[in-house]
Structure formats: C-alpha cells, structure tokens
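Since the structure comes first, as structure tokens, the remarks are kept for the end.
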Amino acid sequence: MKKKIIVLTLIAIFVAQMQAQEEITYTMPRLHIGIEAGVNPLFGTINPQPNIRENRYYYLDNNYDYYCGFMYSQTEVTSFSLGVKPEYLIHKRLALATGLRFSFCKPFLHSDRDYFLWKVSETETSANYVKIRNLSQKNFYLEIPFELKLFPREKDYAVRHYFVFGTAFNFLISSSSSVEFQNPRMEKYTSEVLKHIGAPNIFQCSGYAGIGVKFGKMKYPFGNLEIHFPVITVGRVKKGSFIDTVSGVIAMRFLTTFNIPVVKKHQLTYTVID
C-alpha cells in the first residue's frame, strides 16, 4: 500500500511539473519598418600636409618652445545619419535587415593658434603663403546597409538583447570644401587652396559588428538601441583628400531605431516552454 502511495505521489509531482512548464504559442509579424538615427564618431591622428608650414617661436614666460600655425595632432570627425530600414524575421532568433541611410560628415583642419600658413605658390627662390583659420569639407553619402541580427533567447521578452553583424555600401552624393582666411582680403586665393584638396572616392564599403537591446514586444511598435564597434571602412582614397590626412582611425556608431510592425497574412508562429 505504501509503495502505491509513493508511486502515485511521484506521478502527481511529475504531472504538476509538466503542467508548470506551459507551452506558449507566439504569433508576430515577420516584417517591421524601422526609422533609424545614428551618430558615428571617428578618431585619428592628422598627418602633416606638405602645403602647411610650421612656425616656431619662443615663449618667454616659461622658456618653452611652441609650434605656431600648425593644426592639431588629433582630430575628431563625427558623422550623422538618418535612414529607413525594413527588417524581416526569418526565424524566432534570426532577422535580416536592409534599407537606405543618408549620412553627413564635416572633417576639418584648424590651427593650434590663430591660423596656419598654407603655401599657394612656389618658385626656385621664393614661396608665397596665406594665413588660414580653418579648412573644412562637407560630405554627403547614400548608404545601403545589410545586417544580420541574432537573438540568443527564443522568447520575445519586453527587453531582449541581440548581436548584429553588417556591411554597408557607401556612395558619395556630394562634396564641397571651404576656406576661412585670417584676412578676408586673401579670399582671392580660395581656388588656389582648394585645388590641393580632393574629394573622397565615390564608393566605399564598411563592415561592422555590435550589440543591441530591443525595448518592447515585436507584435507592437518597439525601439532598438545599438552600439557598433569596430566599424572598418575599406576603400582607396584620393591623394590630398581630407580622409587621406587621417591615420590610425578608430570608428564606432551609436544607432537608435523605432520599428513599426507590418501586419501581413503570413506571420511567424512558434511555441516555447515557459
């Protein structure tokens, strides 16, 4: 009798555990339309330019030597982007995304003092220089990203982290450079200065990896926050361009996305044990 009671008790416990592990079926739209905005800072060291002249002068207060009229040895160029990126859920833990992204960046060269000297012409016996406060360039790109997102957890929690791997094809839409002189009367040399500054290549390719966090259920509008690091850009640059002046570049991207589900007949349905 006691053995029967023990066996029945064990069966009851097993059945209770099976009932506690409830199978839950999820249904969500496969397609989401994302509206994204991003910031992409780049850090690097500026290489000396042949047209810039270094001037040394003596600082009498503490007997230190300073370089006057030279650009900063470090530079920071920040790119801003806006885009539309549809995302398709091919599996409960896997999604593919692509779209269009417009980006803008403004690299610059500026003096560590009031101005730097830029050589506009040279002969065998002399050289002519102008005083420049800063040199800047505006670049606009159209990017086509392709991304793969991997969710470690199957269940669609309200807060869910994931990994992202992507590449982007970047096409230069327009590029323009400008000069600010120390003396406005020197603006007549603008064309002489700008002919030494080339535009970036029309095409570049970048690859990146990162991590993101999803806020909200996928069957409702939800948001994403991503950090991409490193962002590696591949592509030759034109000699003399602003990009060519920077070496040892380290790039990363901060990206936020607002996603809207597109309700269609074919949805992703899967079951998990909760």
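Derivation of every value follows stated rules applied to the coordinates shown; laboratory data play no part. In this text, all values refer to a predicted model and were calculated from it rather than measured experimentally. Cβ: placed from backbone, ideal geometry, glycine included. Neighbour counts: every protein chain shown.
I'd like the FRET efficiency for Leu225 and Ile144, computed as 1/(1 + (r/R0)^6) with the beta carbon distance as r and R0 of 30 Å, rounded to 0.05.
Numbers: r = 22 Å, r/R0 = 0.75.
The formula returns an efficiency of 0.85 here.
For the residue pair Ser136 and Thr269, what label-to-label distance in nm results when each label sits 7 Å from Cα along the Cα-to-beta-carbon direction?
Taking the simple label geometry, Ser136 and Thr269 are separated by 5.7 nm.
Cα centroids of the range 86-132 and the range 197-216: how far apart, whole angstrom?
Computed from Cα coordinates, the inter-centre distance equals 14 Å.
Please report, in Å, the Rg and the Dmax of the range 140-204, where both are computed over Cα atoms only.
Over the range 140-204's Cα set, Rg and Dmax evaluate to 22.2, 67 Å.
Between the DSSP loop rule and a limit of at most 16 other Cβ atoms within 10 Å, which trypsin sites (Lys or Arg not before Pro) in the range 88-139 are left?
On the way: sites: Lys92, Arg93, Arg101, Arg113, Lys119, Lys131, Arg133, Lys138; in loops: Lys92, Arg93, Arg113.
Here the trypsin sites (Lys or Arg not before Pro) that fit, given the DSSP loop and packing criteria, are Arg93, Arg113.
In whole Hz, with x marking every Gly and Pro, tabulate ³J(HN,Hα) for the range 218-229 from phi via Karplus 6.51 cos²θ - 1.76 cosθ + 1.60, θ = phi - 60°.
6, 7, 10, x, 9, x, 10, 10, 10, 10, 9, 7
Rounded to whole Å and sorted largest first, list the principal axis extents of the Cα atoms in the range 90-203.
74, 28, 24
Would you kindly work out the equivalent ellipsoid of the range 172-226 from its C-alpha gyration tensor and give its semi-axes, the square roots of five times the eigenvalues, largest first in whole Å?
46, 16, 10
Based on the Cβ-Cβ distance of Val262 and Lys106, what FRET efficiency does E = 1/(1 + (r/R0)^6) give at R0 = 35 Å, to the nearest 0.05?
On the way: r = 36 Å, r/R0 = 1.02.
Calculated value: 0.45.
Modelling each spin label as a point 7 Å along the Cα-to-Cβ direction, I'd like the His196/Val234 distance in nm, to one decimal.
Placing both labels 7 Å along Cα→Cβ, they lie 3.4 nm apart.
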